[in-house]
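Colleague: The structure is given below, and queries will be raised subsequently.
The values are calculated or read from the model by the stated rules, or taken from the named source; none is laboratory data. Remember, predicted model here, so these are calculated numbers, not experimental data. Here the Cβ positions follow ideal geometry from the backbone for every residue, glycine too, while neighbour counts run over all protein chains shown. With ligands, DNA and RNA removed, areas are computed over all heavy atoms of the protein, side chains included. Shrake-Rupley method; radii C 1.70, N 1.55, O 1.52, S 1.80 Å.
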Amino acid sequence: MKIGFIGLGIMGRPMAGHVIRGGHALHIYSRGTPPQELVEAGAVVCGSPREVAERSDAVITMVPDTSDVEAVVFGPDGIAEGLGHGKILIDMSSISPMATKNFARMLAERGCEWIDAPVSGGDVGARNATLSIMAGSTPAAFERVKPVLELMGRNITLVGSAGDGQTAKVANQIIVALTLEAVAEALVFASKAGADPMRVRRALMGGFASSRILEVHGERMIERNFEPGFRVELHQKDLNLALQSARELQMSLPNTAATQELFNASKAHGGGRLDHSAIVKTLELMAGHEIGGGAAKVSQT
């Protein structure tokens, strides 16, 4: 297939690389300098999202937020202006489920398919092509693009119709956020109580509290490695989507709201661009103790 790709950041760049290595013609658009490795691999640089769509059978978007998707798809010189009948847009961003349903209807009026296919697995999953992909689509459109999705991920699930993939991603982000908070809280508690947090983590890995987050992000918290895989400000955005959707559904997400406040505090202290495991820094401030000993520093940087 001829594939377009827009959104070549930490996640998008390696994902696009897997697509072109999988034998597909790749057309890209970037507001900045196009990634040299993609150009050297044969990607064709286009002058606008519209041109990407005109030259592609399917266009993948991987941008930060709902407003970004709306701008790149429906804005001037946007993707929608270049899509023809039967073409497919695959939005792999994490955005509002409600807005996604509306966007899908707008594309359907043009005779085009919308697939929401948000991912989980972070930058490591993007680099290793091991992402979990949650798709909302018609079954026919999903089967057409599944071989492309398989180049980027392993656990690929058709959840339901348009918008359902984003709903699954919001649910994923609720679980991840609350588990991050629990791991951080437990490790700060253990450290302030005088135990070695690395040994505590190792002990917990053998029990019912074991999780991938305890394994990977627990180690990050202890080793003070907050280089971003998935930034605080992006997880903050995803929890905003969860809380906004909950209001529309007239339901309460009390622990999601509490965890969002910790992300808000993290960003307020300058930690918005750190990895989301840096939520531990906010809990350290509240405890007056940094994992490993010593008083917690006010700065989140």
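Colleague: Only Cα pairs under 8 Å and at least 6 apart count here; give the relative contact order of region 9-102 as a rounded whole percent.
Modeller: 25 percent.
Colleague: Just from its helices, what would the mean residue ellipticity at 222 nm be for the chain, if runs of 4 or more DSSP H residues each count -39500 (n - 2.57) and the sum is divided by every residue, rounded to the nearest 500 deg cm²/dmol?
Modeller: So the calculated ellipticity at 222 nm is -15500 deg cm²/dmol.
Colleague: Using the structure shown, list the pairs from K146/K169; K146/K237; K192/K281; K101/K146; K237/K281; K2/K101 with a Cα-Cα distance above 23 Å, or answer none.
Modeller: Checking Cα-Cα distances, K146/K237; K2/K101 exceed 23 Å.
Colleague: First compute the accessible area of region 1-94 with a 1.4 Å probe, then give the percent of it belonging to carbon and sulfur atoms.
Modeller: 48 percent
Colleague: Using mean Cβ contacts within 10 Å as the protection proxy, how do 61-72, 246-257 order, highest first?
Modeller: 61-72, 246-257
Colleague: For the chain, give me the percentage of DSSP beta bridges that are antiparallel, rounded to the nearest 5 percent.
Modeller: Details: 4 of 29 bridges.
Antiparallel: roughly 15 percent of the beta bridges in the chain.
Colleague: What are the semi-axes of the equivalent ellipsoid of region 188-241, taken as the square roots of 5 times the eigenvalues of the Cα gyration tensor, listed largest first and rounded to whole Å?
Modeller: Semi-axis lengths for region 188-241 are 24, 13, 11 Å.
Colleague: Counting every Cα pair in the chain, what percent are over 37 Å apart?
Modeller: Of the Cα pairs, 20 percent sit more than 37 Å apart.
Colleague: While we're looking at this one, here's another question. Excluding residues fewer than 8 places away in the same chain, name every one of the aspartates and glutamates whose C-alpha is closer than 16 Å to that of K87.
Modeller: Partners within reach: E51, E54, D57, E109, E113, D116, E143.
Colleague: Moving to a separate point now. Given a cut-off of under 8 Å on Cα pairs at least six residues apart, what relative contact order in percent is computed for the chain? Could you put the intermediate results ahead of the total?
Modeller: Details: 568 pairs, mean separation 39.6, N = 301.
Normalised by residue count, the contact order of the chain is 13 percent.
Colleague: Quick check: at a probe of 1.4 Å, how many percent of the accessible area of region 111-150 sits on carbon and sulfur atoms?
Modeller: 51 percent
Colleague: For the Cα atoms of the chain, what angle does the longest principal axis make with the long axis of helix 12-21, in degrees from 0 to 90, nearest 10?
Modeller: Approximately 50 degrees, to the nearest 10.
Colleague: In region 220-297, what percent of the accessible surface is made up of carbon and sulfur (1.4 Å probe, ligands and nucleic acids excluded)?
Modeller: The computed percentage sits at 51.
Colleague: Can you give me the accessible area per residue for the chain, using a 1.4 Å probe, in Å²?
Modeller: With the other protein chains kept in place, the chain gives 44 Å² per residue.
Colleague: Of G22, G12, G229, which has the largest mean-square fluctuation in a 10 Å C-alpha GNM of the chain?
Modeller: Result for the chain, Cα springs under 10 Å: G22 fluctuates most.
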